[in-house]
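Enquirer: So that we are looking at the same thing, I have put the structure below in structure tokens.
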Amino acid sequence: MTPTITAFERSPDGGKGLARDMRVRWALEEVGQPYDVRLLSFKAMKEPAHLALHPFGQIPTYEEGDLALFESGAIVFHIAERHAGLLPDDANGRARAITWMFAALSTMEPPIIDLAIARLMERDEAWYEQRLPLVEERARIRLGELSARLGDAEWLDGPFSAGDLMMVSVLLRLKASGLLDQYPNLSGPAYRRAFEAQLAVFTAASRT
Ligand code: GTB
């Protein structure tokens, strides 16, 4: 059965792929699962039909037969569990890949989102110039720790997994800030090449 996901009808990022449907699309493309997309206006997202699917009136959601899911992490995990290619076969490797998914969402994403929101929505506040360095520092600390763990490796734990997919989708939110450039192994040639190789699969598939 072809799943249906939801996405912004008009994404405020103007097509940069920064909204959280992108990680779900990427997971579906990686495993070669075709999908439909239902685009929603901001108004429709808060109406009862969508609230029945998503208690917080957000995107993305995922529907497949009787199953309706919300939360991009849960959706990507579901896709990774049902298809080969995003989670290792051995139980311990699988558990570690899932750990990296959680690390991306619950340890890396919050300071990165705080920074994105500060840069996007708080610029006109009187306290912006004082707050920005604090928010940047919190993101920088996590990036430094992640960079130290990644070292020279291409991916976080062995071959590419849903953990890497989630981490990359979280890090991409920092692109405009320039902060990533300070961590060559997170944004440098090896990681970028590896990321682009994965992305090529996605881009080719979305052209067909
Ligand atoms: N924890 C949830 C998940 O991971 O699925 C968070 C979902 C979420 O924040 N959805 C956002 C949403 O629906 C879209 S992704 N917001 C509307 C609302 O809450 O009313 C966040 C987002 C929005 C816009 C940009 N952008 O323009 O750059 C980037 C990311």
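The values are calculated or read from the model by the stated rules, or taken from the named source; none is laboratory data. Remember, predicted model here, so these are calculated numbers, not experimental data. Backbone-built Cβ (ideal geometry, glycine too); neighbour counts: all protein chains shown. Remember, those area values only see protein heavy atoms, side chains included, never the ligands or the DNA or RNA. Shrake-Rupley method; radii C 1.70, N 1.55, O 1.52, S 1.80 Å.
Enquirer: Restricting attention to region 113-144, report how many residues are more than 16 Å from the ligand (Cβ to nearest atom), surrounded by 11 or more Cβ atoms within 10 Å (Cβ to Cβ) and either touching a residue at least 40 places away in the same chain (Cβ under 8 Å) or not aliphatic (A, V, I, L, M) (or both).
Expert: So the count comes out to 10.
Enquirer: Tell me, which helices (runs of 4 or more DSSP H) lie completely within region 1-64 with 3 or more residues that are farther than 17 Å from H78 by Cβ and either more than 15 Å from the chain's Cα centre (by Cα) or small (G, A, S) (or both)?
Expert: 42-45, 48-51
Enquirer: Given the structure, is S106 among the hydroxyl-bearing types (S, T, Y) and within 19 Å of N185 (Cα to Cα)?
Expert: Working: among the hydroxyl-bearing types (S, T, Y): yes; within 19 Å of N185 (Cα to Cα): no.
Judged against the criteria, S106 is not a match.
Enquirer: Quick test for you: out of A74, A91, pick the one residue that is out of contact with any strand residue (DSSP E or B) (no Cβ under 7 Å at 6 or more places or on another chain), closer than 24 Å to L146 by Cα, open to solvent by 60 Å² or more (accessible area, probe 1.4 Å) and among the small types (G, A, S).
Expert: Step by step, each of A74, A91 is checked, and only A91 is out of contact with any strand residue (DSSP E or B) (no Cβ under 7 Å at 6 or more places or on another chain), closer than 24 Å to L146 by Cα, open to solvent by 60 Å² or more (accessible area, probe 1.4 Å) and among the small types (G, A, S).
So that you can scan it fast, the table gives a plain yes or no per residue for (1) within 13 Å of the ligand (Cβ to nearest atom); (2) surrounded by 14 or more Cβ atoms within 10 Å (Cβ to Cβ); (3) not assigned by TED's automatic domain parsing to the domain that holds E71:
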{"position": "E9", "(1), (2), (3)": "yes, yes, no"}
{"position": "A19", "(1), (2), (3)": "yes, yes, no"}
{"position": "M22", "(1), (2), (3)": "yes, yes, no"}
{"position": "L28", "(1), (2), (3)": "no, yes, no"}
{"position": "D36", "(1), (2), (3)": "no, no, no"}
{"position": "S41", "(1), (2), (3)": "yes, no, no"}
{"position": "M45", "(1), (2), (3)": "yes, yes, no"}
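Enquirer: Just to verify a result, which residue in region 56-66, among those that are out of contact with any strand residue (DSSP E or B) (no Cβ under 7 Å at 6 or more places or on another chain) and open to solvent by less than 70 Å² (accessible area, probe 1.4 Å), is farthest from the ligand (Cβ to nearest atom)?
Expert: This residue is G65.
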